[in-house]
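Please treat every number below as a calculation from the coordinates, not as lab data. Predicted, not measured: the structure shown is a model, and the values here were computed from it.
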């Protein structure tokens, strides 16, 4: 597809468990059902191939920038961020781009 | 598709121009012709939607982890990294995950 892609990677606080990350991944993967503007959505825990990698990634595709903004500001998304992402986030790096 | 995804975002050194970034994007977009293990490849300059975003992203999809490793270590890829990425990189954050 061509559209607008949101990419974000996280490094979690020390002590964050795999279970916490898998719970978060499940909650994020439920968002496309709540936010129809999401055209494609993938979430994953880092596979451990490279020592310098961050811990967790989300790639979300949209028809355009406006559809991304609906997702960014959607209450269902903000709730997951506030309750399950913010408390464990050490570092975050994101880019949004047309593709 | 399901497979193995490599996500990387960069923050460039102060003074890096749009032209440098577009030249780099062109060089990266030529890699799928040189590296058949790349199943899908997208490269983009940050759209400027969020003030905290990094500058540049690459999302590359592969059949599996081994195909990603071919890309990671391929001389055509390393040449672009050494000549055009490393000299302008301030911060880099990456994740590889099965999806």
Self-check item: chain A, relative contact order [Cα under 8 Å, separation at least 6], %
Solution: 49
Quiz prompt | Ratio of the Cα radius of gyration of the range B:4-98 to 2.2 N^0.38 Å, where N counts its residues | solution = 1.05
Quiz prompt | Principal-axis tilt of helix B:18-29 within chain B, Cα atoms, nearest 10 degrees | solution = 10
Quiz prompt | Debye equation applied to the C-alpha atoms of the protein assembly as shown, log10 I(q)/I(0) at 0.08, 0.13, 0.16, 0.18 Å⁻¹ | solution = -0.25, -0.69, -1.07, -1.36
Quiz item: Could you work out the helix-only [θ] at 222 nm for chain B, with each DSSP H run of four or more residues adding -39,500 (n - 2.57) and the total divided by the number of residues, to the nearest 500 deg cm²/dmol?
Solution: -8500 deg cm²/dmol
Quiz item: Debye sum, Cα scatterers, the range B:1-52, no solvent: what log₁₀ I/I(0) at q = 0.20, 0.24 1/Å?
Solution: -0.88, -1.09
Self-check item: the range B:12-74 versus the range A:10-57: alpha-carbon centroid distance in Å
Solution: 21
Practice problem: Return a whole-number percent for the relative contact order of the range B:41-99, with Cα pairs under 8 Å and 6 or more residues apart as the contact set. | Solution: 24
